[in-house]
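Student: If you scroll down you'll find the structure; I have some questions about it.
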Amino acid sequence: GNRTLRQTDRLARQVNVGVYMRSTATTTTIAAAVLLRACVSLHGYSGEGVPPMYGDFEAQRHWMEVTVNLPAERWYVHGPDNDLQYWGLDYPPLSAHFSWAVGRLAQAWHPQLVALHASRGHESAET
């Protein structure tokens, strides 16, 4: 009777503490992620608005431009449509195919972002 009631009460308190601890950990993790994202977004990226190379965003954007507009066999070959001195694709093919997949999404959503030749140095609020 009474002993079982005490054990049940103790178990209920332990469960409640466990739920509270998991809830607190989840809340803390989400808050830390939001804070980190806010801190990172306060500043631009390296090379933003600085021609002729424009920085990290431009490298990723250019790789998407190359992969969606050229056949795969020309992704790593210097030519009139692929100046390897300007952010030449220098990652393995799996990364290039990822750039292609994201580039296809960009082509559907914001075609100016990956327009061959015309998009060099493209920076906009949307992107």
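Student: Per DSSP H run of at least 4 residues, take -39500 (n - 2.57); add these up for the chain, divide by its residues and hand me the 222 nm value, nearest 500 deg cm²/dmol.
Tutor: -19500 deg cm²/dmol
Student: On a 0 to 90° scale, report how tilted helix 56-69 is relative to the longest principal axis of the chain, with both axes built from alpha carbons and the result rounded to the nearest 10.
Tutor: 60
Student: With the cut-off at 22 Å, report for the chain the share of all Cα pairs above it, as a whole percent.
Tutor: Working: 4430 of 8001 pairs.
Cα-Cα pairs in the chain separated by more than 22 Å: 55 percent.
Student: Taking H as built 1.01 Å from N, whose amide H comes closer than 5 Å to the amide H of Thr127, not counting residues under 5 places away?
Tutor: For Thr127, whose amide H was placed from the backbone, there are no distant partners under 5 Å.
Student: Between Ser23, Ser95, Ser41, where does the largest GNM mean-square fluctuation fall for the chain, given springs only between Cα atoms within less than 10 Å?
Tutor: Result for the chain, Cα springs under 10 Å: Ser23 fluctuates most.
Student: Follow-up question, since we're still on this one. What is the percent carbon and sulfur in the accessible area of the chain, measuring with a 1.4 Å probe over the protein chains and ignoring ligands? Each step should come with its number before you reach the end.
Tutor: Details: 5680 of 8960 Å².
Of the solvent-accessible surface of the chain, carbon and sulfur hold 63 percent.
Student: Only sites in a loop by DSSP and with at most 16 other Cβ atoms within 10 Å count here; which GluC sites (Glu not before Pro) in the range 28-111 make the cut?
Tutor: Filter output for the range 28-111: Glu48.
Student: In degrees between 0 and 90, to the nearest 10, how far off the longest principal axis of the chain does helix 2-40 point, with axes built from Cα atoms?
Tutor: 20
Student: Further, regarding this structure: Please compute the per residue accessible area over the chain with all protein chains in place, 1.4 Å probe, rounded to a whole number of Å². Display every interim value, and only then the final one.
Tutor: On the way: 8960 Å² over 127 residues.
On a per-residue basis, the chain sits at 71 Å².
The values are calculated or read from the model by the stated rules, or taken from the named source; none is laboratory data. The model shown is predicted, which means the values in this text are computed figures rather than measured ones. So basically every Cβ, Gly included, is an ideal-geometry build from the backbone, and we count neighbours across all protein chains shown. These accessible areas exclude ligands, DNA and RNA; they are computed on the full protein's heavy atoms, side chains included. Shrake-Rupley method; radii C 1.70, N 1.55, O 1.52, S 1.80 Å.
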